[in-house]
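Report on the structure given below.
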Amino acid sequence: MHLLSMMTAALAISVGAPAPAAGPAWHIAGKLSEACSCAVPCACNFGESPSPHAFCWAVFALDIDDGSLGDVSLAGLRLAGANGAKGMVWYIDDRADARQADALKQIATTMHHKALAANGIKDFSKPPTEFKLLGYKRAKIEQVVNDRKSYLKIVGAGGFSADYIVGLDGKTPVTVANNWSWNIKDGIKARTHQLAYHDSFGNKYDFTKTNANQGTFDWSDSTPVYFR
């Protein structure tokens, strides 16, 4: 997620860019909604290899309840991402003004580089294809969370809908603390009705009954790992 100073509705592509210089401090907190191509409960969440496929492709979004980068408020905005066989794309909330959009890109850049590092990748300019940053796009991001389900739509690209998996008592969702893949608090496990995504780079997939996670995040520029 390499930083560009100007944000437009068009895609900005970054190839082999160096790690960003230190910038203003940032902090964001809110709700994370995520679904992937793995079967429930996603072995990756427990530090194992993907299953039943050899890959784990995911779509996710961050609904920011509170946050800022420097003096730029990000409360009420969303940041989304998706990956596939060709690499990863970040989606910037189309409601963000120019300064907010630039701030969200800076945050996405930090997250991407730390994800590379968490996966043992040392040369950020030459990541494996599945970790390659393809670019950024502006998009309308719809994210709905309630006590039974989660829903995410990146308009023009895809998304998912998922029901929480209810535990033994018949009413309380199953949760996982200290998820290996996602730095979220007491992540709720869920199962998708459908997970579908496509982009202009050739990423395209459509799955049903796959893994999903729902949880709260509280991240800053000093957080060691956001996801991997």
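The values are calculated or read from the model by the stated rules, or taken from the named source; none is laboratory data. Here the structure is a predicted model, which means the values were calculated and not measured. Ideal geometry is used to build each Cβ from the backbone, glycine not excepted, and the neighbour counts take in all protein chains shown.
Structure above, values below:
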quantity	calculated
Considering residues of region 23-36 that are at pLDDT 95 or above and of a type in the set (G, A, S) only, the residue surrounded by the fewest Cβ atoms within 10 Å (Cβ to Cβ)	A25
Qualifying residue in region 67-76 (condition: out of contact with any strand residue (DSSP E or B) (no Cβ under 6 Å at 6 or more places or on another chain), touching a residue at least 24 places away in the same chain (Cβ under 8 Å), among the polar types (S, T, N, Q) and closer than 25 Å to V145 by Cα)	yes
Inter-residue pairs, beta-carbon under 6 Å, first closer than 19 Å to P50 by Cβ and in region 175-189, second charged (D, E, K, R) and crowded, with 23+ Cβ neighbours inside 10 Å, 6+ apart	none
Among the residues listed as L104, L79, the single one being at pLDDT 95 or above and either β-branched (V, I, T) or touching a helix residue (DSSP H, G or I) at 6+ places or on another chain (Cβ under 9 Å) (or both)	L79
Test: residue in region 173-180 that is over 17 Å from C36 (Cβ atoms), touching a Pro at 6+ places or on another chain (Cβ under 7 Å) and surrounded by 15 or more Cβ atoms within 10 Å (Cβ to Cβ)	no
Strands (runs of 3 or more DSSP E) completely within region 122-162 that count 1 or more residues being aromatic (F, W, Y) and at pLDDT 95 or above	133-139, 149-154
Looking only at region 186-206, and only at residues there that are farther than 25 Å from Y136 by Cβ and of a type in the set (A, V, I, L, M, F, W, C), the one that is surrounded by the most Cβ atoms within 10 Å (Cβ to Cβ)	A190
Failed criterion for A96 (all others in (1) in contact (Cβ under 8 Å) with a residue 40 or more places away in the chain; (2) over 19 Å from L152 (Cα atoms); (3) surrounded by fewer than 22 Cβ atoms within 10 Å (Cβ to Cβ) hold)	(2)
Complete set of residues in region 118-136 that are surrounded by fewer than 22 Cβ atoms within 10 Å (Cβ to Cβ) and out of contact with any Pro (no Cβ under 9 Å at 6 or more places or on another chain)	G120, K122, D123, K126, P127, P128, T129, E130, F131, K132, G135
Condition check for A39: in contact (Cβ under 8 Å) with a residue 40 or more places away in the chain, closer than 19 Å to G187 by Cβ and surrounded by 23 or more Cβ atoms within 10 Å (Cβ to Cβ)	no
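Residues are listed down the side, and each one gets a yes or a no for (1) part of a strand (DSSP E or B); (2) more than 14 Å from the chain's Cα centre (by Cα); (3) under 25 Å from G167 (Cβ atoms):
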{"site": "H27", "(1), (2), (3)": "yes, yes, no"}
{"site": "L62", "(1), (2), (3)": "yes, no, no"}
{"site": "A82", "(1), (2), (3)": "yes, no, no"}
{"site": "Q100", "(1), (2), (3)": "no, yes, no"}
